[in-house]
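Structure record follows, encoded as structure tokens.
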Amino acid sequence: MEVLISSAFTFVIVMDPLGNVPLFLSALRRTAPGRVQWVILRECLIALALMVSFLFAGRTLLTLLGIEDAALKAAGGVILLLIAIRMVFPTPERTIKVEATHDEPFIVPLAVPYVAGPSLLAVIVVLVSQTPDDWPLFLGGLVAAWVITTVVLYFSGFLQRVLGRRALEAVERLMGMILVILGVQMTFAGIKEFFL
């Protein structure tokens, strides 16, 4: 149960649903108002399919590449640190000024990379590879995180009106600071395992 809760918490932080609210609203600004919620659900389902695929196929890929568990832990920690730094200190690419290229986005950029980005896919592979026997718990954590993310994004317009952009940014930075701690812990665990 602890693995399920901790993995769900990690996945939610990396998915960053509150941080994605302004990005989703910006990308969907040319979409017909009656279709916005449907597009959000569709894109989140596509993202879920991709994430579950990585959960099951990731370990096989790493085995083929001959990557050791210690390296995975250290690399996973570094990835989490990089994600956390971008959350605490946002870059221009992660602002609300994202140009919409179509009236109704499909897969890019909503499903990938906003929900199922490269960082999240890497974290999924790393976590499952560390303890492959716990894959049902990781799957449960992933689905729980996906449900939370989908609900937040589904009500993104309402959340931005109620909370405001500043509150969303404050919560995102707080989550980033928590992610820094998780990333450092994972990196140290990988280094310790490598030398012992």
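The values are calculated or read from the model by the stated rules, or taken from the named source; none is laboratory data. In this text, all values refer to a predicted model and were calculated from it rather than measured experimentally. Virtual Cβ from ideal backbone geometry, glycine too; neighbours counted across all protein chains shown.
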### Task
Just need a number here: residues in region 87-98 that are crowded, with 17+ Cβ neighbours inside 10 Å and modelled with pLDDT of 70 or more.
1
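I'm checking my understanding of the structure. Among residues of region 10-52 that are in a helix (DSSP H, G or I) and of a type in the set (Gly, Ala, Ser), which one is farthest from the chain's Cα centre (by Cα)?
Of all residues in region 10-52, those in a helix (DSSP H, G or I) come to 10-15, 17-27, 33-52.
With of a type in the set (Gly, Ala, Ser) added as a condition, the list becomes 19, 26-27, 34, 47, 49.
Numbers: Gly19: 10, Ser26: 19, Ala27: 18, Gly34: 27, Ala47: 10, Ala49: 14 Å.
Among residues in region 10-52 that are in a helix (DSSP H, G or I) and of a type in the set (Gly, Ala, Ser), the one farthest from the chain's Cα centre (by Cα) is Gly34.
Considering only residues of region 155-168 that are of a type outside the set (A, V, I, L, M, F, W, C) and crowded, with 18+ Cβ neighbours inside 10 Å, which is modelled with the lowest pLDDT? Walk me through it before giving the result.
Initial filter on region 155-168 (of a type outside the set (A, V, I, L, M, F, W, C)): 156-157, 160-161, 164-166.
This time we only want the ones that are crowded, with 18+ Cβ neighbours inside 10 Å, so: 156, 160.
Values: Ser156: 93, Gln160: 87.
Looking at residues that are of a type outside the set (A, V, I, L, M, F, W, C) and crowded, with 18+ Cβ neighbours inside 10 Å, I get Gln160.
Of Thr149, Thr187, which residue is in contact (Cβ under 8 Å) with a residue 12 or more places away in the chain, buried (at least 17 other Cβ atoms within 10 Å of the Cβ) and closer than 24 Å to Gln37 by Cα?
Working: Thr187 fails: closer than 24 Å to Gln37 by Cα.
Exactly one residue qualifies, and that residue is Thr149.
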